[in-house]
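The values are calculated or read from the model by the stated rules, or taken from the named source; none is laboratory data. For clarity, every value in this text was computed on a predicted model and none was experimentally measured. Cβ atoms come from the backbone with ideal geometry, glycine included; neighbour counts cover every protein chain shown.
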Amino acid sequence: MRHKLGLIGFSYLAGLICAEFFGTAVTGVFIIAALLMISALAATKYGKSTSAAAVLFTVSAAMFVHGIYTFTVYIPVTEFAGKTVEINGSITDVRYYDHDTAAFTIKTNINGAEAFINMFGTDNGGEPGDNIRITVKLSLLKDNQTFSERSYYKAKNIFLSAVPKSNAEITPCENFSLKKLISDYSDYIGEKIDLLLIGEEGGILKAMFMGDKTGLSDSLSENIRRAGISHFTAVSGLHLTLISHIILLIISLTPLKNHRYFKFTVLVILILLFMLFFKLSHSVVRAGIMLIIYYGCEPFMRKSNVFNSIGAAVLIITLTDPYACTDAGLLLSVAGTLGVGIVSPSAARKFGKGRFPALKKAFIASISAVLCTFPLSCIYFGGFSLAGAVTNIILYPLFLPALTCSALFALLGGNGKILMLLAGICAKGMIWIINLFGNFKYAYFPLKYDFALPLSILSAGFILLVFFCFKDIKKTIKAVSISICVMLFFTAAAEVYYFDKAKLTIYSDGDDACIIAEHMGSVFITVSDDSPKLLQNINDYLKNNFIDEASALTVLNTNHNAVSQYDKIPCKIFIQPDRQKEVYTDKITLISESDRCTLSINGVSVSLSPAKDPKDNNVTVLYGYTGKVHKLGGAVFVSSKRLDGAEGFENAVNLYYEKAEYIITENGFLRKRNQ
């Protein structure tokens, strides 16, 4: 059996992903796993293919492991959701925010199982490694309109969030911790970059070198996604590979270059230290394991193999953390590495000949990575970048020297201003290119429909099946092309189907709400307050839906003093606060008066107003906070996150936790878009 380690690693990953679809229904997982085990035994006894038996056995074992982990860890921990308990544990991570607030990740023991929880509250002075004792109310993590919090943190074994109910007792850790020392050094380098590069250059360098995206503006973050270079801001194999090359170059200048075992030992130690520097993210761990296996082949006289290296890395990561199977960074990193390391060389042998071979190979490698990550991009990001392949090639000549200067800056202890000056010049060029491609109207193609997820999964399975069955690069490329064409066809068909139906999209920043009503080319936008966050949501919506101009925009209040920024949104009519106005098309009527606005769409009234008693039979959007809970006849969307979980809102949707998208049919029937 060829590529044993790779086959086992990917089979194990496939088994975990299959088990993930069952959720907490562990009985079903065990039944399927048992059937697969019986099939594996039968294939061993009566079949001729040992590979098939090994795959079935490995998938079965993975499903058993996932089911046992869910039964013994996930279910006991999540049973404490909604309860107030005292926890005693250690702080593993701290993220600081404005107004002396911070988010903590705490490692503790809940119901006999080791658990990690997220806690947001006042900065209590705790640092990673310190012990903490505090009374908290636990709740399940929830996906909100801009961040899939629950699924993101589940892959990191964090299942609960906590709200402090008492003051924290912090006991500083007096024991030496290498992890804390390296983490503090990472923070120190980040602060040095902030001091030397003020503005977006420092923010994008920290994002691309350290994975810290807090310094990126909303618009730049959106353009990074649209330009198809999100992987640049996720520390992964590219970063560690470049750093390992720098280390090997330094070693080659010393007498140690001829001592292969010592050279390998030094390289492994430094790779492990940089893994700690990058906070042990799944993509970094995967890349580190792969590089150690790859460089270990030389001193131990073994032939390196990309497929086996990736399989081994995946196996090691998921053995200790079964839920890592759904981590977006890990899967995208694996898919991209397969594209560059396996698909690209095969394609280059066929299409990389002739004039400009180096440029052709670079373009083929970029295309291979984009195509291999295409299904996952659709699943995790709801779309894909049409400009990604071109943008990657243009950015690499700036990205690599910027990353090299940043790595040398970190290796030199934060010394060498000239390195940051050079990196800053490259960063300015990258920002200009990112904004150029990101602002291009058709740079990003969003997949807004529910069929995108199952179709993407089927596409990934179809592509893998073709690749492993035929071992032919041309047929694999055809399979990818067919998958893309099918996705585009379904998307076009859905656009035609929904064209004559009014679409209602509602956003919230936790306090203020925004309604976007779209029907047959007419777009009406109503905002409760001139919130900068909602402004970004509106701009992203217009950009991702290829809308050049809105029919009307009304802002009810100006508490944020940002109404001048709203005035820049392209629209035919801009209704300023406290101005009464009525605008209508054949199907939509907008009436704005004082702090209230009403949209009438196909006989359904949609009202945006302060929290008051709404009229029955209307779709009412409340914003602001009221201590009184209302029983309502119609559907109510509550934007204030402070009302989350309040009794009496059985029909309510908390906009902070759920992006609301509705369709209003010609008969005046309101339904959720995914129903």
For residues in the range 141-176 being modelled with pLDDT under 80 and of a type in the set (Phe, Trp, Tyr), which is farthest from THR84 (Cα to Cα)?
PHE176
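Looking at the range 94-102, is at least one residue surrounded by 15 or more Cβ atoms within 10 Å (Cβ to Cβ) and under 27 Å from the mean Cα position of the chain (by Cα)?
Let us first name the residues in the range 94-102 that are surrounded by 15 or more Cβ atoms within 10 Å (Cβ to Cβ), namely 94, 102.
After this cut, where a residue has to be under 27 Å from the mean Cα position of the chain (by Cα) as well, the list is 94, 102.
The answer is yes, given that some residue of the range 94-102 is surrounded by 15 or more Cβ atoms within 10 Å (Cβ to Cβ) and under 27 Å from the mean Cα position of the chain (by Cα).
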From the option list ASN557, ASN561, single residue qualifying as at pLDDT 80 or above, at positive phi and part of a loop (DSSP other than H, G, I, E, B) is ASN561
Considering each of THR526, THR491, THR505 in turn, give the residue that is touching a residue at least 12 places away in the same chain (Cβ under 8 Å) and either surrounded by fewer than 19 Cβ atoms within 10 Å (Cβ to Cβ) or under 20 Å from SER385 (Cβ atoms) (or both).
THR491
Check off (1) among the aromatic types (Phe, Trp, Tyr); (2) in a helix (DSSP H, G or I); (3) at pLDDT below 85; (4) touching a helix residue (DSSP H, G or I) at 6+ places or on another chain (Cβ under 9 Å) for PHE468 and give me the number that stays unchecked.
(4)
Sole miss for LEU196 among (1) touching a strand residue (DSSP E or B) at 6+ places or on another chain (Cβ under 6 Å); (2) surrounded by 19 or more Cβ atoms within 10 Å (Cβ to Cβ) is condition (1)
Condition (residue is in a loop (DSSP other than H, G, I, E, B) and either in contact with a Leu (Cβ under 9 Å, 6 or more places away or on another chain) or more than 18 Å from PHE445 (Cβ to Cβ) (or both)) applied to the range 534-549: is it met by at least one residue?
yes
What number of residues within the range 422-457 satisfy the criterion of being in contact (Cβ under 8 Å) with a residue 60 or more places away in the chain and over 24 Å from the mean Cα position of the chain (by Cα)?
3
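Please pick out the residue among LEU338, LEU331 that is assigned to a helix (DSSP H, G or I), touching a Cys at 6+ places or on another chain (Cβ under 7 Å), at pLDDT 75 or above and buried (at least 17 other Cβ atoms within 10 Å of the Cβ).
Working: LEU331 fails: touching a Cys at 6+ places or on another chain (Cβ under 7 Å).
The conditions single out LEU338.
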Enumeration of residues in the range 42-51 that are surrounded by fewer than 15 Cβ atoms within 10 Å (Cβ to Cβ) and aliphatic (A, V, I, L, M):
ALA42
Quick check: is even one residue across the range 356-376 more than 17 Å from ALA207 (Cα to Cα), modelled with pLDDT of 80 or more, crowded, with 19+ Cβ neighbours inside 10 Å and not small (Gly, Ala, Ser)?
no
If I filter the range 83-92 for residues that are over 30 Å from THR27 (Cα atoms), of a type in the set (Gly, Ala, Ser) and touching a strand residue (DSSP E or B) at 6+ places or on another chain (Cβ under 8 Å), do I get at least one hit?
yes
Looking at ILE31, ILE8, ILE68, which is the one that is buried (at least 18 other Cβ atoms within 10 Å of the Cβ) and either farther than 18 Å from GLY311 by Cα or in contact (Cβ under 8 Å) with a residue 60 or more places away in the chain (or both)?
ILE8
Would you check if there is a residue in the range 383-392 being more than 23 Å from the chain's Cα centre (by Cα), in contact (Cβ under 8 Å) with a residue 40 or more places away in the chain and not assigned by TED's automatic domain parsing to the domain that holds ILE477?
no
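If you scan the range 264-279, which residues turn out to be part of a helix (DSSP H, G or I) and out of contact with any Leu (no Cβ under 8 Å at 6 or more places or on another chain)?
Step one: filter the range 264-279 for residues part of a helix (DSSP H, G or I), giving 264-277.
Hits for the range 264-279 are PHE264, THR265, VAL268, ILE269, LEU270, LEU272, LEU273, PHE277.
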Is the range 169-192 home to any residue that is farther than 14 Å from LYS279 by Cα, of a type in the set (Gly, Ala, Ser), in contact (Cβ under 8 Å) with a residue 60 or more places away in the chain and buried (at least 18 other Cβ atoms within 10 Å of the Cβ)?
no
Hey, does the range 415-436 have a residue that's in contact with a Leu (Cβ under 6 Å, 6 or more places away or on another chain), closer than 22 Å to ILE367 by Cα and not in a helix (DSSP H, G or I)?
no
Taking the range 201-219 and keeping only residues that are buried (at least 19 other Cβ atoms within 10 Å of the Cβ) and assigned to a helix (DSSP H, G or I), one is left with GLU201, GLY202, GLY203, ILE204, LEU205, LYS206, ALA207, MET208, PHE209, MET210
Pull up the range 413-424, narrow it to residues that are out of contact with any Phe, Trp or Tyr (no Cβ under 9 Å at 6 or more places or on another chain) and surrounded by 15 or more Cβ atoms within 10 Å (Cβ to Cβ), then point me to the one that is nearest to ARG226 (Cα to Cα).
GLY424
